[in-house]
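This report concerns only the one structure given below.
The values are calculated or read from the model by the stated rules, or taken from the named source; none is laboratory data. Because the structure is predicted, anything quoted here is derived from the model rather than measured. Glycine gets a Cβ as well: all are built from the backbone with ideal geometry, and neighbour counts include every protein chain shown. Surface areas here come from the heavy atoms of the whole protein model, side chains and all, with no ligands, DNA or RNA. Shrake-Rupley method; radii C 1.70, N 1.55, O 1.52, S 1.80 Å.
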Amino acid sequence: MTTYKTNPFNPQFGRRPKQFIGRELIINDFLQSLTDPYDPHRTTIITGIRGSGKTAILSDVHASLDSSKQVVIDVTAHDGMLLEILDEFIRCNTGKNWLGKAFNEVQGFSAGALGFSLGLTKKADKEVHGFRFMLSSMLNELKHKGIKTVFLIDEVHNGTPDMREFAVTYQHLLREEYDVALLMAGLPSSVNDILNNEVLTFLRRAYRVELESIDTKAVEIAFDQAFSQAGRTFSGTALRSAATATEGYPYLIQLLGYFLFRSDAEAIDGKLVQQSLDLAKIELFKNVHDMLFQALSAEDRNFLFAMTQDEGVSEFGAIRERLGGVSAGYASKYRERLLIAGMVKAVAHGKLAFAPPYLHEYLLTKQ
């Protein structure tokens, strides 16, 4: 059994914490798909609001892959990502000579080379070729050696030509039966934009995972194990209170666990849980809720403010009245926007609730 001397909880974005809770099935499904070229999980899109664990899943998958047997291309979607992808192939080839002739043709290539809008120049013959040609040349070499390629792309969005070009190229790679797999992650609204792009409709057939809250019972078990392995205990109902307070939200699980562990208290009571939760909320509001709020339009915000008058569930009709008696069509537009953005959730017909934990409390400070 692992004995924790250092804090096993890590609330830093993008870092896989030692206590990684509730996402094992998603990771295992993708890893298992690598053994079967027809497994639908081979092309997977993960969506979730900030702090739901998207990047941590990508990091966990990367750490689980055997780089001595697979090429792992791990990038973030941005202008210039196509150059970075080819550079990553070259980096993965170091010391292995997997790429053979293809490597000799592009080994002088770097992010400072000629851009894709003007074409790419192969080192050997000075012919100008595009991204798909260069990528296929390297994948052909890997195919002959029985080596698969796994693409991990974070923060996918429809706002860059490079992302769209990669997606179209990947579709051709599948048709041409290259041994490739793709795991992408992005915010709900960004992924929605990609799936609605008329050029990228094939991605609608990708396996989609919408990250939901983690069962608080699983959080309770994880908290108990982590603290008991450090020789520390929860008293009374403190363990259940701590797990319930996280609402199953991955970032808040890490935050609360981090502050509780940092306290160095051997016995954790309800008072310490509340004190740690107060500290966690400060970070939650600053690093998640502020960013979510800033991305909203004035109309989106007004819709949410109208919901703050309720404790818990809001009636759609009541929201319309608080917005000045607007039409159902007008209010529905913003309801859909907020549902896609992961700010609210439908709990019953005509009834909504806030999705991120403590968003109601946060919005009261903004009114």
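Specify which residue in the list LEU363, ASN287, PHE166 is farthest towards the positive end of the charge dipole of the chain, using unit charges on the beta carbon of Lys, Arg (+1) and Asp, Glu (-1), about the Cα centre.
Checked the options; the winner is PHE166.
Keeping all protein chains in place, calculate the accessible area per residue for the stretch 23-95 (probe 1.4 angstrom), answer in Å². Can you show the working numbers first?
Numbers: 3000 Å² over 73 residues.
Each residue of the stretch 23-95 exposes 41 Å² on average to a 1.4 Å probe.
Scan around ARG208 for amide H atoms under 5 Å from its own, H built in the peptide plane at 1.01 Å from N, and keep only partners 5 or more places away or cross-chain.
Under 5 Å from the amide H of ARG208 lie the amide H atoms of ILE45, each far enough along the sequence or on another chain.
Once label points are set 7 Å from the Cα along Cα→Cβ at both ASN28 and GLN225, what is their separation, rounded to one decimal in nm?
Label at ASN28, label at GLN225, 1.2 nm between them.
Once ligands and nucleic acids are excluded and a 1.4 Å probe is used, how much of LEU65 is accessible, expressed in Å² to the nearest 10?
Rounded to the nearest 10, that gives 20 Å².
I'd like the carbon and sulfur percentage of the solvent accessible area for the chain, probe radius 1.4 Å, heavy atoms only, ligands and nucleic acids excluded.
48
With both partners inside the chain, how many of the DSSP beta bridges are antiparallel, as a percent to the nearest 5?
Counting only bridges with both partners in the chain, antiparallel ones make up about 25 percent.
By how many degrees, between 0 and 90 and to the nearest 10, does the Cα long axis of helix 161-175 differ from the longest principal axis of the chain?
Around 70 degrees separate the two axes.
Between helix 298-307 and the chain, what is the angle of the helix's C-alpha long axis to the longest principal axis, kept within 0 to 90° and rounded to the nearest 10?
Result, in degrees: 40.
Distance between the C-alpha centers of the stretch 131-179 and the stretch 268-320? Whole Å please.
40
For a quick size check, give me the Cα extents of the stretch 149-282 along its three principal axes, largest first, whole Å.
Sorted largest first, the three principal extents are 59, 29, 21 Å.
Please identify the GluC sites (Glu not before Pro) of the stretch 271-337 that satisfy two criteria: DSSP loop assignment and at most 14 other Cβ atoms within 10 Å. Which are they?
Numbers: sites: GLU283, GLU299, GLU311, GLU315, GLU321, GLU336; in loops: GLU311.
Listed in order of number, the matching sites are GLU311.
Taking the Cβ-Cβ separation of PHE316 and ASN97 as r and a Förster radius of 56 Å, what is the calculated FRET efficiency to the nearest 0.05?
According to the calculation, E is roughly 0.35.
Let me check I've understood the local charge: for LEU187, count other residues with C-beta under 14 angstrom from its C-beta, Lys and Arg +1, Asp and Glu -1. What total comes out?
0
Determine the shape class of the chain: with a ≥ b ≥ c the square roots of the Cα gyration tensor eigenvalues, call it rounded for a/c under 1.5, and otherwise prolate if a/b is greater than b/c, oblate otherwise.
Oblate shape, in that a/c is at least 1.5 and b/c is the bigger or equal ratio.
Sort ARG23, ARG91, ARG337 by accessible area with a 1.4 Å probe, largest first.
Most to least solvent-accessible, the answer reads ARG91, ARG337, ARG23.
Can you tell me the accessible area per residue over the stretch 130-198, all protein chains present, probe 1.4 angstrom, in square angstrom? All intermediate terms of the calculation are to be shown ahead of the outcome.
Working: 2680 Å² over 69 residues.
For the stretch 130-198, the per-residue accessible area is 39 Å².
From the C-alpha coordinates alone, can you work out the Kirkwood hydrodynamic radius of the stretch 205-285, in Å?
After inverting the mean inverse Cα-Cα distance, the result is 13.0 Å.
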